[in-house]
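Q: Please see the structure below; I have some questions.
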Amino acid sequence: MEQLFVGQPADKFAAGEGVFWEGDTASDIFQIVEGCLRLYRILPDGRRAIMGFRFSGETLGLSCEDTYCYTAEAVTPVRLRRLSRARLRAMSDEVRQLQSLLLEKVFEEIRDARQHIIVLGQLGAEERTAHFLVSAARRTGADRRRPVTIELPMTRQDIADYLGLTIETVCRVLSKLKRDGLIALEGRHRIVLLRMTDLQHLAGEFDDAEPLAPTWTPAKWPH
């Protein structure tokens, strides 16, 4: 996917700035060069539901049709490249392998969305929080047999809105996990996962002790 964006200029967005809004015409797809985005929708009662976070090297906008199905907003300062969907269609008509790659990326987004529905619908507060932490560790490619340090640039409120919990519940669960010796809290944005296997079991995952497969390059954030 990176080759699609070669030569495209990088746009800069400040923390809190919107890249596009739910309902806007979906004219472009994007690749994040640096930083973190939150993807969210506003519910009819005014609450914010965060659908996910995107990090350096990841793309967004592929699964949307005529309009963007969510708002993309910068959590940190962000640099990203954009490619028009018209240009993407022309390129995919010329290169058959590109069609397969794009379809794979769309399926990844659908799979992630389905997994999130299961997390929200079937897991309790501790299980959801553990699943979130394990997923963050998986992005780093860390070996779960050792303590894993993860950087979370989003706020506790962001995490709460993503997990369908209140901020008080998220803070209470994190404090309990710390008290139980599963994690250590180092500043506002850094968490050390001390007992990865136990966290995976709490999250409902029971795989072997292989390193967790990475999907993005972690960044460092101020504490």
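Q: Between Ala86 and Leu98, what length in nm is gained on full extension when 0.36 nm per residue of separation is reduced by their alpha carbon distance?
A: Result: 2.9 nm gained on full extension.
Q: If you don't mind, another one. Give the order of Arg128, Arg190 when sorted by the count of other beta carbons within 10 angstrom, beginning with the fewest.
A: Arg190, Arg128
Q: Based solely on its DSSP helices, what 222 nm [θ] is calculated for the chain when runs of n ≥ 4 H residues each add -39,500 (n - 2.57) and the sum is averaged over all residues, nearest 500 deg cm²/dmol?
A: -11500 deg cm²/dmol
Q: Which shape class applies to the chain: rounded if a/c is under 1.5, otherwise prolate when a/b exceeds b/c and oblate if not, where a ≥ b ≥ c are the square roots of the Cα gyration tensor eigenvalues?
A: prolate
Q: Counting residues in region 51-153 as N, plug N into 2.2 N^0.38 Å and put the Cα Rg over that result.
A: 1.29
Q: Express in nm, to one decimal, how much length is gained between Ala125 and Val106 on full extension, taking 0.36 nm for each residue of separation and deducting their alpha carbon distance.
A: 4.0 nm
Q: Report the GluC sites (Glu not before Pro) located in region 67-167 that are in a DSSP loop and have at most 15 other Cβ atoms inside 10 Å of their Cβ, or state none.
A: In loop regions of region 67-167 (DSSP not H, G, I, E or B), there are no sparsely surrounded GluC sites (Glu not before Pro).
Q: What list do you get for Asp28, Asp112 if you sort them by fewest beta carbons within 10 Å?
A: By the 10 Å Cβ count, ascending: Asp112, Asp28.
Q: Only loop residues by DSSP count here, and only those with at most 15 other Cβ atoms within 10 Å; note down the chymotrypsin sites (Phe, Trp or Tyr not before Pro) in region 1-39 that meet that.
A: Of the chymotrypsin sites (Phe, Trp or Tyr not before Pro), the ones in loops of region 1-39 whose Cβ has at most 15 other Cβ atoms within 10 Å are Trp21.
Bear in mind that the values in this text are calculations on the coordinates, not laboratory data. Just so we're clear, the structure is a prediction, and the values are computed from it rather than from any experiment. Cβ coordinates were reconstructed from backbone atoms using ideal geometry, including for glycine residues, and neighbour counts include every protein chain displayed.
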